[in-house]
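Notes follow once the structure below has been shown.
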Protein chains: 2
Amino acid sequence: MKAVSEIRKEQDREARGAKTRQDILQAAVHVASAEGLEGLTIGRLADELRMSKSGLFAHFGSKEELQLAVVSKARDIFVREVVDPAFKRDRGLGRLLAMLDEWLAYVGRSVFRGGCFFMASAIEFDSRPGKVRDLIAGLSRSWLDALETEARYAQALGQLDPHVDTAQLAFELHALVHGANWYYNLFEDKRAFERARTGILDRLRHGATPGLLRLLGEKSAARMKTISKKTKRKESR
Amino acid sequence: MKAVSEIRKEQDREARGAKTRQDILQAAVHVASAEGLEGLTIGRLADELRMSKSGLFAHFGSKEELQLAVVSKARDIFVREVVDPAFKRDRGLGRLLAMLDEWLAYVGRSVFRGGCFFMASAIEFDSRPGKVRDLIAGLSRSWLDALETEARYAQALGQLDPHVDTAQLAFELHALVHGANWYYNLFEDKRAFERARTGILDRLRHGATPGLLRLLGEKSAARMKTISKKTKRKESR
DNA sequence: GTACAAAACGAACGATCGTGCTAAGACAAG
DNA sequence: CTTGTCTTAGCACGATCGTTCGTTTTGTAC
């Protein structure tokens, strides 16, 4: 057992160290998104933060622990940028659409330098067993499940045809955003997002119940205005 | 100008060296698909082939040249494994479907250890300017265009509704295979391919002309047998 | 003030990176 | 056989990798 004062002291220390740790992770997450989790280097990171290699290293103890911390940090950013805004919407079709829209927007505003952090790290680690891979796979699974869960809510709420295979739907919606991330980052072409959104709306419209189809139509029309107005003319060359 | 004999001699040398070069690239392409093009290391590769680092290095002159050669080699393999089989089919919907099927099959039989080589390297290099990135982007563009071209043929042949936006269609088909590659390699779950194929057939059916819809239905039924028979039971848990 | 613990540092470890430089071996031309 | 060219090897370079170790700095408790 520790005295109160000792605990107090430790908390202060931790708070002080935690500040540095967060600064490190903030920088690390952006380096990793551009260079990959394996390309992320302790020396390079220390230089960027004007710290000593050993001082930085002491916060994590091993490179793998650093990578795990970076993935967790990326998760926090993803939650803040995508999940939280979307979850302000009511459950069901509205939230599902918001999740996809926020996700596309987060790719589009390049929250991470190298596109969606999790798509990049998933492909980097998918054939590299270990804790890092497991963590990435788990987070990816959760997000995919969250999409499917929302589709099920939409069914329960009568917004989506109950005959629709929600796992299939989640797979396809996910694939469309994946495709947009790929297209946008490789070709630097913002049309990727229109394409993805068109696909998403088609998938959702396909299983929408007649009553809610109008609702969806309104929503989508309102949202599409922002993006597609300028590019629509370009497309009809 | 060179004498005939000199040219003859050089060709022999080249042929001898080219054999070694091909052996190197064969190994390199598989290492790169698992570890990434940047993770591919000259020393590691030399060990694997029981060559000296410098002897191997002399074939390329720089790491970037090696990477470029590896990407070209991967292209050759992709052509042999996917493009050639698909292009035996007649132009139009048949070939388009064959391209996607062969592509999925090539991902499924893990021609490269780390999933589809080009998806992995595209994401690795998309935020890393240089010749390698340009080469990958060019090849990706060609393949995407090839999909769209075939869709246009399908329209010209009356197999596909001429109102369908072929660029949009190609984007979505590509995204579905992309999604399957991601899902399969991350979760090691072969259902990825059923999902992708279901999505692909939905996309094609959507714009199919009434006459050819029956044809498509037959084709898809014949092909689906092979894959989904065993997994269909698993799914209905 | 002294005592103590956490945080950060500096220097070095062995390993490996990409890349040169030089020489040995293989083989064809004269 | 000599000569020249191409292939492969040997060796070393400076840099950087992840990691360890002992020390110094910093800030709080007494």
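Taking (1) modelled with pLDDT under 95; (2) part of a helix (DSSP H, G or I); (3) of a type outside the set (Asp, Glu) in turn, B:ARG113 satisfies each apart from (2). When A:GLY55 is tested against (1) near DNA strand D (Cβ under 9 Å from one of its atoms); (2) crowded, with 18+ Cβ neighbours inside 10 Å; (3) without any contact (Cβ under 8 Å) to a residue 24 or more places away in the chain, just one condition goes unmet, and that condition is (2). Checking each residue in the stretch B:42-52 for being assigned to a helix (DSSP H, G or I) and surrounded by fewer than 19 Cβ atoms within 10 Å (Cβ to Cβ) picks out B:ILE42, B:GLY43, B:ARG44, B:ALA46, B:ASP47, B:GLU48.
Among the residues examined, A:VAL83 does not qualify as at pLDDT 95 or above, within 14 Å of chain B (Cβ to nearest Cβ), surrounded by 15 or more Cβ atoms within 10 Å (Cβ to Cβ) and more than 10 Å from DNA strand D (Cβ to nearest atom).
Does the stretch A:159-170 contain any residue that is part of a helix (DSSP H, G or I) and either within 26 Å of A:GLY36 (Cβ to Cβ) or more than 13 Å from chain B (Cβ to nearest Cβ) (or both)? No: zero hits.
Selection over the stretch A:117-134 of residues that are away from chain B (no Cβ under 12 Å), on the phi < 0 side of the Ramachandran plot and surrounded by fewer than 18 Cβ atoms within 10 Å (Cβ to Cβ) gives a count of 1. Among the residues of the stretch A:154-182, the ones that are acidic (Asp, Glu) and in contact (Cβ under 8 Å) with a residue 60 or more places away in the chain come to 0 in all.
Residues considered: A:ILE42, A:ILE77. Of these, the only one that is within 22 Å of A:TRP182 (Cβ to Cβ) and not small (Gly, Ala, Ser) is A:ILE77.
Selection within the stretch B:53-71: residues that are outside any helix (DSSP H, G or I) and near DNA strand C (Cβ under 8 Å from one of its atoms). The member of this set that is nearest to B:PHE125 (Cα to Cα) is B:SER62. Exactly one residue among B:GLY108, B:GLY114 is in contact (Cβ under 8 Å) with a residue 12 or more places away in the chain, more than 10 Å from every other protein chain (Cβ to nearest Cβ) and over 18 Å from B:LEU68 (Cβ atoms), and that residue is B:GLY108.
Taking the stretch B:187-199 as the range and being surrounded by fewer than 22 Cβ atoms within 10 Å (Cβ to Cβ) and either in a helix (DSSP H, G or I) or of a type in the set (Lys, Arg) (or both) as the test, the residues that pass are B:PHE187, B:LYS190, B:ARG191, B:GLU194, B:THR198.
Considering only residues of the stretch A:32-41 that are more than 15 Å from B:GLU35 (Cα to Cα) and surrounded by fewer than 18 Cβ atoms within 10 Å (Cβ to Cβ), which is farthest from DNA strand D (Cβ to nearest atom)? Checked the stretch A:32-41; the qualifying residue farthest from DNA strand D (Cβ to nearest atom) is A:ALA34.
In the stretch A:145-158, the residue that is nearest to B:TRP182 (Cα to Cα) out of those that are of a type in the set (A, V, I, L, M, F, W, C) and surrounded by fewer than 19 Cβ atoms within 10 Å (Cβ to Cβ) is A:ALA146. The set of residues from the stretch B:1-46 being near DNA strand C (Cβ under 10 Å from one of its atoms), of a type in the set (S, T, N, Q) and at pLDDT 95 or above comprises just one member, B:THR41. One residue stands out in the stretch A:27-52 among those that are of a type outside the set (D, E, K, R) and in contact (Cβ under 8 Å) with a residue 40 or more places away in the chain: the one that is farthest from the other protein chains (Cβ to nearest Cβ), namely A:ALA28.
The values are calculated or read from the model by the stated rules, or taken from the named source; none is laboratory data. Computed from a prediction, not measured in an experiment: that's the story for all the values here. Using ideal geometry, Cβ is built from the backbone for each residue, glycine included, and neighbour counts are taken over all protein chains shown.
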